[in-house]
Amino acid sequence: MMKKVFTILLLIVLTSLSYQSYAQKTITGTVSSDSEDGIPGVTVLVKDTNLGAITDLDGKYSIEVPNGANTLVFSYVGMKTQEIEITGTVLNIKLVPENEDIAEILVVASFAQDRKTPVSFSTITPEVITEKLGNQEYPEILKSTPSVYATKKGGGYGDSRINMRGFDSNNIGVLINGVPVNDMETGKVYWSNWAGLSDVTRLMQVQRGLGASKLAISSVGGTINIITKTTDAEKGGSVSVATGNDGYNKVSFSLSTGLTENGWSATISGSKTSGDGYINGTNFLGYSYFLNISKRLTDNQTLALTAFGAPQWHNQRSSQHLISEYMTNPDGTKFNSNYGYINGEVYGSGYSYNEYHKPQISLNHNWHINSTTSLSTALYASKSSGGGRRIAGDQKNTLLFDRYTGLPFDETKLTPDGHLDYDAVMQMNQESLTGSQAIIAMSNNSHDWYGLLSTLNTKVSDINLTIGLDGRYYKGYHYQEIDDLFGGEYFLDDRNINRDPSTPLHEGDKFSYYNVGEVLWEGLFAQGEYVQETFSAFISGAVSNSSYRRTDYFQYTPEEGQTTDWQNFLAYSAKGGTNYNINMNHNIFLNGGYFIRAPYFKYTFMGYTNEFNLNVKNERVFSAELGYGYKSKKLKGNIALYHTEWKDKAMTKTNIDGGTDIYTGLDAIHQGIEVELTYKPSKKIKVKGMVSIGDWVWGDNPVTVESYDQDQQLMDTFTAYTGGVHVGDAAQTTAALSIDAEVLPKVTLGLDVNYYDNLYAYFDVNNRVSPTASDVDAWQMPAYILSDLSLKYKFNIGKLDASLYGKVNNLFDTEYIADATDGSTHDYDTSPVFYGFGRTWSLALKIRF
């Protein structure tokens, strides 16, 4: 049935986009650099239209220009855009670098180009981020992208999540300047670690599906390619201030020296963000910093040092609640049960406070060896620290809620107004004769990460050849540490066999567990790309070896050995694609791939022990995509059909005890259709729209589930039945419409409307233990529509350029459910949820100098 729908929709789009003919002339030429080399992949557009062409490997182009048009626009990421008047039928030009470091990074990061790279992608510029993001979470800038679902989850600062084509961040490759940043042990991306990215993003591109990246990364659902600032070519800077709902405040700055006569340049920026949070009890404080220092060593070599990070702390909302609980609580949809007050200050409970700092430093060397060969090498390091708050002890439930139902336990201590009663727990600890019974702990998850990424590009005949090396070493430190005895004199813990269980423990002591995970990654990749004006194709392959080693200081004695041998997993990937430009209006593309992915570290060792899991399997993924593109003077559109099969998938989910459920042996099929359109009726009006329809379901095979508590102790092992259940956590049908118009000179208004449907709750394995459990689907949440309004006003303050940005999110204050866990009866009454945010707003002023 799905294939018939795809075929019908494709025929409708193909027949509805009729070929537009004009009286026209042909302009040809070559686009080259200062070194006289032709530049492949340059976009050549007739000004104020979508009519365009792409230069081939030799930099040559040919474009049909309607009579009356007199200007061509030449653009290439990393080069300064030029507008050239048409003076004849042959037009040769030279592009000069806007920033050579950017151009090299784009090659390493495999940035896709329109009508050339055969993948589905969307590119977001920093102007769009500034105008549309406001005080939203960074991933939410992508919410109008086909097959993307982004939510704030619990609503804490940086706690947002993103799904692409039904896959979560474990299976979305995230690259920053070409360097992968998915966690080496779990594959996750924690956006709170990158909360300052919006301030330093130069370009952002989403490639859906397997994407164009040459690396062996987790691009099952897609790839998010983020290019940060390097050094600005011109001297100057900016300052900005912003305010918003619920005490939101942000100040930021940026300074650049520009390129000096001796080849040095530097850019530095920073910001501070704070607020009370829209959800009650989610106040936060975050900083960001960025530094880039570049040196042109010779005419052919540059060296750049980049450092950035975003230290932060924030209180969180971790517990979902039944809809009836929200409706009867005075706080309504802002209700948060996971905090109380100490000395008049908000104090988050277990799983409701996080602090982290993950600085990343890289040294990039770019070398143009000759006219056809270049080498880019990046050395990078990251040394993180921080973790999340936990409640521990025999009476830990006194400060916790049931994470499945959102209801308090019988033991939970609450004040008359419904907040956690820390004073009562402190008194309990003070009266205890055996030490504290409920303490505040920090679950530390720090790491050291070092990597080398080197890419050689060369041209062999008509083939652009890329080969490279991807090496990484990661060491993660995991332990619980006493943060506050909460009125008691000491704490007892019997989990460390190398310590007398009667030993009194105090603040700063480790307890419960202490282990180290090491990951050694060695990867090789290669790609051949053939590019002509009307035809392009690529084929790429990658092979990698993942080596895992685990050290446990609590469960094993030094005499018996606390460190395992290295466990090795060989994986590989192969993919290819082709694009054919039928004419200046129409193009079609096709891509496909198959890869074997090594299991993540956490699935390799059984039950948080040093025992190797003999049944662990490599995961297998096959994916294919067919696409069509159309361009005319005012209209640009594309349509894509995709099909992805996943075998032997493993994943984790937080359970009722604040621990982890580990699933192995899952199969899934994700398929769908995506349509994207951009219409420019005039210079001052731009209309964009998209529709995506997915069909994502779990396979029929039984799934093995191991359930662990927060102390990494195995509680139960059982089989779950999920066949035919829809994949949850992401809307399978989405649509968006945006209109941006210059309503007055230098005043632009924007309206963005997003629609979400076929959104299913995430299934709860405890409700899927019967062989007939898969006969009932997960709860389908109500569809909803959100509307956002944006304003941009450009003006001058003396000789300085200034811009005022306003943003109202959820303009009509729509009440909607964004996240849910499937309940026992798979319906509205038993499924705990997170409501999304109501109306929020922000106002920002930016001054450039």
Quick check on segment 662-671. Is at least one of its residues free of Cβ contacts under 8 Å to residues at least 24 places away in the same chain and open to solvent by 40 Å² or more (accessible area, probe 1.4 Å)? no
Mind telling me which of the residues Thr458, Thr415 ends up being in contact with an Asp or Glu (Cβ under 6 Å, 6 or more places away or on another chain) and surrounded by fewer than 17 Cβ atoms within 10 Å (Cβ to Cβ)? Thr415
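Residue-wise test of (1) open to solvent by less than 30 Å² (accessible area, probe 1.4 Å); (2) among the aliphatic types (A, V, I, L, M); (3) touching an Asp or Glu at 6+ places or on another chain (Cβ under 6 Å); (4) closer than 30 Å to Leu45 by Cβ.
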| site | (1), (2), (3), (4) |
| --- | --- |
| Tyr603 | yes, no, no, no |
| Leu614 | no, yes, no, no |
| Glu619 | yes, no, yes, no |
| Gly637 | yes, no, no, yes |
| His643 | no, no, no, no |
| Trp646 | yes, no, no, no |
| Val675 | no, yes, no, yes |
| Gly689 | yes, no, no, yes |
State yes or no: is Pro330 within 27 Å of the chain's Cα centre (by Cα) and open to solvent by 10 Å² or more (accessible area, probe 1.4 Å)? no
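Among strands (runs of 3 or more DSSP E) lying entirely in segment 510-593, which contain 2 or more residues that are within 27 Å of Asn498 (Cβ to Cβ) and either in contact (Cβ under 8 Å) with a residue 40 or more places away in the chain or over 25 Å from the mean Cα position of the chain (by Cα) (or both)? Show your work before the answer.
Working: elements: 510-531, 535-552, 567-581.
Counting at least 2 such residues, we get 510-531, 535-552.
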With the first residue restricted to segment 714-740 and required to be free of Cβ contacts under 8 Å to residues at least 40 places away in the same chain and over 22 Å from Tyr642 (Cβ atoms), and the second required to be open to solvent by 30 Å² or more (accessible area, probe 1.4 Å) and of a type in the set (S, T, N, Q), Cβ contacts under 9 Å at 6 or more apart or on different chains are Thr717/Thr704
Just give me the residues in segment 120-179 being within 26 Å of Tyr628 (Cα to Cα), charged (D, E, K, R) and either out of contact with any strand residue (DSSP E or B) (no Cβ under 6 Å at 6 or more places or on another chain) or open to solvent by 20 Å² or more (accessible area, probe 1.4 Å) (or both), in sequence order. Lys143
Cβ-Cβ under 8 Å, sequence separation 6+ or interchain: first residue in segment 188-200 and touching a residue at least 12 places away in the same chain (Cβ under 8 Å) and farther than 18 Å from Asn171 by Cα, partner of a type in the set (A, V, I, L, M) and part of a helix (DSSP H, G or I). Which pairs? Ser198/Ile129; Ser198/Ile141
Every residue from segment 137-155 that is under 17 Å from Ile817 (Cα atoms) and of a type in the set (S, T, N, Q): Thr151
Give me the residue from segment 211-235 that is over 22 Å from Asn171 (Cβ atoms) and at pLDDT below 80 and, out of that set, surrounded by the fewest Cβ atoms within 10 Å (Cβ to Cβ). Glu234
Quick one: Leu407 ticks every box in (1) modelled with pLDDT under 95; (2) under 30 Å from the mean Cα position of the chain (by Cα); (3) of a type in the set (A, V, I, L, M, F, W, C) bar one, so which box is it? (2)
When Ala304 is run through (1) under 30 Å from Gly471 (Cβ atoms); (2) in contact with a Lys or Arg (Cβ under 9 Å, 6 or more places away or on another chain); (3) of a type outside the set (Asp, Glu); (4) not in a strand (DSSP E or B), the failure sits at (4)
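The values are calculated or read from the model by the stated rules, or taken from the named source; none is laboratory data. Only a predicted model underlies this, so the values are computations on that prediction, with no experimental measurement involved. Positions of Cβ are backbone-derived with ideal geometry, glycine not excepted, and every protein chain shown enters the neighbour counts. For the accessible areas, the whole protein counts, side chains as well, though only heavy atoms, and no ligand, DNA or RNA atoms are used. Shrake-Rupley method; radii C 1.70, N 1.55, O 1.52, S 1.80 Å.
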